[in-house]
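Down below is the structure, laid out as structure tokens.
Values quoted throughout were computed directly from the atomic coordinates according to the rules given, and no laboratory measurement underlies them. Computed from a predicted structure; not experimentally measured. So basically every Cβ, Gly included, is an ideal-geometry build from the backbone, and we count neighbours across all protein chains shown.
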Amino acid sequence: MAETSDGMMRYTLSFLSFLSLVTLSCSPGESASDEKPVNGARTEQAEEKDQGAVKVKGEKGRRSYTPEELNEPYSRVSPWRYIVTSPETGYFERMVGSSSLARTVHGSGHAILVPEDITFTDNREWKGILDPGQEKALDRFVGAHILKGIKGAKMLEGEFENHNGEMVAIERDAQGQLVCGGARLLGRTVETDFGLVIPVVGMVESIQWD
């Protein structure tokens with residue numbers, strides 16, 4: 001019986017010592033059950049504050065955009081946002097998004113000739129440009145629609161360099177309409193914060209397949 005009491009005493013002392021070590025291992029002001037945000041997790045209050053506006057990264061001094069501005073039809077945030085939101089540019093959106101030039105279209109400040117969907121429903125020669133192995137052809141096609149040096153809607157006519165390093169002209173045809181290669185300008189432009197959008201029907205140049 002005495003041995004049993006001694007065993008119980010030793011067990012109790014060992015358990016108390018263990019509890020003391022656990023308590024000492026916690027830093028002052030903390031308990032073993034305190035939880036901290038994982039990887040700097042944001043509070044709900046901070047997340048709610050950001051829901052009303054979206055900041056464009058890398059642009060110091062740029063205002064914040066509301067979800068409506070980013071997603072409304074014909075967004076004026078950037079040429080890429082215009083292409084994404086426009087209901088008439090689904091085909092060209094896929095091409096730009098699959099190319100390596102999406103960032104250039106988004107924020108280069110260049111003018112983008114944006115073919116509307118009728119261009120691709122009336123002409124099936126583009127079929128296969130999204131297939132594996134045609135990445136260079138796709139980049140050339142998208143690059144042909146990116147023009148440098150156009151600063152506004154009042155200076156559309158003239159010769160300009162495209163993203164492929166080629167000189168192309170925006171000029172008037174026999175009917176007095178502005179054309180660029182095989183694309184006809186639709187008579188409207190959209191100025192965005194990151195470049196000019198020029199809606200067109202037709203392709204600036206035929207696809208150069210690999």
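Counting only DSSP beta bridges with both residues in the range 70-210, tell me the antiparallel percent, nearest 5.
DSSP beta bridges in the range 70-210 are roughly 75 percent antiparallel.
Between Ala169 and Lys154, what is the label-point separation in nm under the 7 Å Cα-to-beta-carbon projection?
Those two pseudo-labels are separated by 2.4 nm.
If I take all pairs of Cα atoms in the range 87-191, what percentage of them are more than 19 Å from each other?
45
Compute the signed sum of charges (Lys and Arg +1, Asp and Glu -1) over the other residues within less than 15 Å, Cβ to Cβ, of Trp209.
My count for the surroundings of Trp209 gives -2.
Below 8 Å, C-alpha to C-alpha, sequence gap of six or more: please give me the relative contact order for the range 91-210 in percent.
That works out to 31 percent.
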